[in-house]
Amino acid sequence: QVQLMESGGGSVQAGGSLKLSCAASGIAISTYCMGWFRQAPGKEREGLAAIDSDGTTLYAASVKDRFTISHDNAENNLYLEMNSLKPEDTAMYYCAATGICRLWAGSPLPSRYEYNYWGQGTQVTVSS
């Protein structure tokens, strides 16, 4: 069975950093597109970043230059490094996976509807 499990969330002061992890089992992430999303109470789930099997990455404008998505295929883990955190980054953060996917510069982030596997989320709270 496919399982994704996020970890690394917590509370941090504005301007601080956190690194989220997503451990995958049942799939080899090297053959998938992987993504990070977040959702705050009363808000839509927002796509943040994606990485394909070739390592090509895409970011939402709201996190570009602050967040970095990466994977460790040997460990079958996905990561999201978050720097210069702002209170508006406060949300539940989710990792997700989808099968056939290729990314290219300028393409839109895959939407939440394109992902078929999801983790349970990890909470990130940024205080001012």
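The values are calculated or read from the model by the stated rules, or taken from the named source; none is laboratory data. In this text the structure is predicted, and so the values were computed from the model without any measurement. Every residue, glycine among them, receives a Cβ derived from its backbone with ideal geometry; neighbour counts consider all protein chains shown. With ligands, DNA and RNA removed, areas are computed over all heavy atoms of the protein, side chains included. Shrake-Rupley method; radii C 1.70, N 1.55, O 1.52, S 1.80 Å.
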query: What does the charge dipole of segment 58-103 about its Cα centre add up to, to the nearest 20 debye, if the Cβ of each Lys and Arg holds +1 and the Cβ of each Asp and Glu holds -1?
result: 180 debye
- prompt: Could you give the length gained on full extension between Gln3 and Asn73, defined as 0.36 nm per residue of separation minus the Cα-Cα distance, in nm?
  reply: 23.6 nm
task: Please report, as a whole percent, how much of the solvent-accessible surface of the chain comes from carbon and sulfur atoms (probe radius 1.4 Å).
output: 48 percent
field: More than 11 angstrom apart: percent of Cα pairs within segment 1-46
entry: 77 percent
field: Whole-Å distance, taken between Cα centres, linking segment 98-128 and segment 17-70
entry: 5 Å
field: In order through segment 109-114: 3J(HN,Hα) via Karplus (6.51 cos²θ - 1.76 cosθ + 1.60), integer Hz, x for Gly, Pro
entry: 4, x, 6, 4, 6, 8
- prompt: Which listed residue (Gly99, Ala28, Tyr113) has the Cα farthest towards the positive end of the charge dipole for segment 6-128, taking +1 on Lys and Arg C-beta and -1 on Asp and Glu C-beta about the Cα centre?
  reply: Tyr113
- line: Distance in nm between Thr56 and Ser84 label points, each 7 Å along Cα→Cβ, equals 2.6 nm
